[in-house]
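Student: Next up is a structure, given as structure tokens.
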Amino acid sequence: MLWITLFVLPCALLFSFVYAVPIGTMFLTSFTKWTAFVRPAFIGATNYLELLSPGSSFWPAVRNTLVWVILQTTVHLGMGIIVALILYRRPFGWKAMRTIYLIPNIIPTAATGVMFLLLLNPQFGIIKSLFAFSGTTTAKVPNLFGNSDYSFATVTATWIFYSAFNTTILLAEIGAIPAEIYESAKTDGAKWWQIDIYITLPFLKNSLKTCVILAAVAMVSQFDILYVTTKGGPGDSTLNLPILLHKTALLQSNYGLANTIGVFQIIIGISLVLIINLLFGMSKRGFRNA
């Protein structure tokens, strides 16, 4: 027992100082008025009431965050599943395809944001060349990041189709499925789509749950690519919780309110993880009963 305690103690201390103490401090100071010029003073639930009030930027931030969570766990993950199902059959050029599909995920997201910001620049980007090639006057070239009608879809497109991380996890799981099962299904006359739906996907339930959780948590904490491209604008069209927290803490120097946003961010993240676990648990029970 002593050796176990000695081995666990460094990790416990590291977790306490790096995570537990800061999170506890954040929760406590969320009930205070704390700015760059005012020391923390207890004000009760004022910060929470301010965030939850009608017209607060908190609501657009939550809406955008949850929409991105849904898109990330459906479209983004769906792309990863499709590519994984294609690659495990090893079609012609599958190695090159696997490498090419992985490249966008190797590039830092901040660099990806800068790249798209330059490519879609209405003054000198590729979009201006496309409009000129089509014969459209350059005066009609839209600012895709700077127009609230296009900004959400544009910034979403910068990452939504690149799901090599999920593909890698799923490919590894597919490789662990016994080959005899596939051979038996083919002998019984099962078609490729029946094999994918009734054999491969059920075996991927645990990996899929992991991918869904990672995708959801990533969107709750998404910051760098949004900051580089739109900074949450125009208006609140691409605002999410991390960007709102950044603006509140660094631009407004309202640390108490910023920590309140952080508390909500943690609550939403934990709630999503619990909901995903519940849904996959129900799905697993239903699959067993079937």
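The values are calculated or read from the model by the stated rules, or taken from the named source; none is laboratory data. Note that the coordinates shown come from a computational prediction; the quantities given were computed from them, not determined experimentally. Because the Cβ atoms are built from the backbone with ideal geometry, glycine has one as well, and the counts that use them run over all protein chains shown. To get the accessible areas, we keep the full protein, side chains included, count just its heavy atoms, and leave off ligands, DNA and RNA. Shrake-Rupley method; radii C 1.70, N 1.55, O 1.52, S 1.80 Å.
Student: Quick check for you: with a 1.4 Å probe and neighbouring chains kept, what is the accessible area per residue of the chain, in Å²?
Tutor: 59
Student: Still on this structure, please answer the following. Would you please state the base-10 log of I(q)/I(0) at q = 0.16 1/Å for the chain, with intensities from the Debye formula using one equal scatterer on every alpha carbon?
Tutor: Debye intensities relative to I(0), on a log10 scale: -1.28.
Student: To continue, here is another question. Would you look at the GNM of the chain, springs on alpha carbons closer than 10 Å, and say which of LEU130, LEU257, LEU14 moves the most?
Tutor: Maximum fluctuation in the GNM of the chain, among the listed residues, is at LEU14.
Student: Considering only protein heavy atoms and a probe of 1.4 Å, how much of the accessible area of the range 159-290 is carbon and sulfur, as a whole percent?
Tutor: So the carbon and sulfur contribution to the accessible surface is 65 percent.
Student: If R0 is 41 Å, what FRET efficiency do you get for GLU180 and ALA20 from their C-beta distance, rounded to 0.05?
Tutor: The value I calculate is 0.30.
Student: Sorted by packing (mean other beta-carbon atoms within 10 Å per residue), highest first, where do 66-73, 111-118 land?
Tutor: So the order, starting with the most tightly packed, is 66-73, 111-118.
Student: Placing +1 on the Cβ of each Lys and Arg and -1 on the Cβ of each Asp and Glu in the range 159-229, which of LEU170, PHE223, THR210 has its Cα farthest towards the positive end of the resulting dipole?
Tutor: PHE223
Student: Per DSSP H run of at least 4 residues, take -39500 (n - 2.57); add these up for the chain, divide by its residues and hand me the 222 nm value, nearest 500 deg cm²/dmol.
Tutor: -19000 deg cm²/dmol
Student: Specify the residue with the greatest mean-square fluctuation among TYR198, TYR48, TYR101, computed from a Gaussian network of the chain linking alpha-carbon atoms under 10 Å apart.
Tutor: TYR198
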